[in-house]
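To start, the structure under review is shown below, and the notes come after it.
Bear in mind that the values in this text are calculations on the coordinates, not laboratory data. Values in this document were obtained by computation on a predicted structure and should not be read as measured data. Glycine gets a Cβ as well: all are built from the backbone with ideal geometry, and neighbour counts include every protein chain shown.
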Amino acid sequence: MSGRAARSSPSSAGAAEQGGPLQATPKATTEWIRSLRAPKPSFDPWVPQAVQIEDERARDGSTASVGTVFITNRECPFTCLMCDLWKYTTDESVPAGAVDRQVESALAQMGAISQVKLYNAGNFFDDRAVAPPDRERIATRLGHLDAVIVENHPKMVDDRVRAFRDLAGTDVDVAMGLETVHPEILPRLNKRMTLADFEAASERLRAAELQVRAFILVRAPFMTEAEGVEWACRSIDFAFSVGVECCAVIPTRAGNGALDALAAEGQFQAPTLDSLEAVAAYGLGLGQGRVFADLWDVERIATCDRCSPARIERLRTLNLTQTIPALVPCECRAV
Ligand code: SF4
Ligand SMILES: [Zn+2]
């Protein structure tokens, strides 16, 4: 997950001025972001990246055993500024049947679970990532589960989502990256999505009785720490206002090349653990839906030797109980 030391856009004017966020076209921005990537390994298209099981608070308040299949498939076409998921993808579409085989073997490994996340480092309804016949076969494997969660870009939300749910015969939640509602920074993320796009996709899913999750960045690039918290909170407000049922708040991380370049120019810094805690507590305090603090690789922002383990455990408790535990006192933040 480390960024490259050498960058292909050396500039006295700075990465933010020469780089992706200010390029004239999405194509040029995409080229800039991609030019900063380190090489990625090649992967066996018949094997998922990883399989994991964890407890998660379900909508009805119970604790669900949720399996996640990190699917190996073709890279997402959007190339967002902050995304590092391309590291776990293939350059070309995987062979017919490969994604279905991955899901089949993962489900067999996972045993008794009640929900499954099918996360493909992109968009589950991108036909070049998950071929339609694979999607159909996968749907027929899911009817025994209480819920299935897939990830998808708002612009790829269409009737295929409802058809997949109908074929699966169980609840399907769609997780979409809202990222930030900051009016100037969202366009600079190269996500090629407006808030109206997100809202329209959410409405369409809700009209078909599908549930919506939102991924929200804590301290997107080009923000100070305080702005990072403020805009993450505003993003949660927006998400709930347009029908999102569950928000996952994610500390923005470097390591994809582009964010490392921006960090070197002072245009990006990862948030603190305090900020992640504050945003998660804010969202939960609204009482409008579930809020999860994303704890993947959280150790990288947990810098205090004394309190980090307890604070991470506190966030696990917050996630699982959907309550706000007392803050962990520590000299590092004078609580
Ligand atoms: S749409 Fe999602 S998966 Fe695709 S590049 Fe953007 S953040 Fe990454
Ligand atoms: Zn501390």
Problem - Scope region 130-169; condition touching a strand residue (DSSP E or B) at 6+ places or on another chain (Cβ under 6 Å) and outside any helix (DSSP H, G or I); matching residues - result: L142, L145, D146, A147, V148, I149, V150, E151, N152
Exercise for the section: With the checklist (1) more than 16 Å from ligand 1 (Cβ to nearest atom); (2) out of contact with any Phe, Trp or Tyr (no Cβ under 7 Å at 6 or more places or on another chain); (3) in a loop (DSSP other than H, G, I, E, B) in hand, flag the one item P48 doesn't pass. Expected result: (2)
Fill in the blank from the handout: Taking region 187-201 and the residues there that are under 23 Å from E245 (Cα atoms) and either polar (S, T, N, Q) or surrounded by 21 or more Cβ atoms within 10 Å (Cβ to Cβ) (or both), the one that is nearest to ligand 2 (Cβ to nearest atom) would be K191
Completion exercise
Subset of region 57-89, residues more than 30 Å from K27 (Cβ to Cβ) and surrounded by fewer than 21 Cβ atoms within 10 Å (Cβ to Cβ), comes to R57, A58, R59, D60, G61, S62, T63, A64, S65
Exercise for the section: Take D305 and decide whether it is within 16 Å of ligand 2 (Cβ to nearest atom), acidic (D, E) and more than 18 Å from V249 (Cβ to Cβ). Expected result: yes
Problem - Checking G228 against (1) more than 16 Å from ligand 1 (Cβ to nearest atom); (2) touching an Asp or Glu at 6+ places or on another chain (Cβ under 7 Å), the condition it does not meet - result: (2)
Practice task
Show the residue pairs that are 6+ apart or on different chains and have beta-carbon atoms under 9 Å apart, the first residue being within region 299-326 and closer than 17 Å to A64 by Cα and aliphatic (A, V, I, L, M), the second being away from ligand 1 (no atom under 16 Å from the Cβ) and assigned to a helix (DSSP H, G or I).
Solution key: L318/E277; L318/A280; L318/A281; L318/L284
Completion exercise
Note on region 250-288: residues among the small types (G, A, S), more than 16 Å from ligand 2 (Cβ to nearest atom) and at negative phi are A254, A258, A261, A263, A264, A270, A280, A281, G283, G285
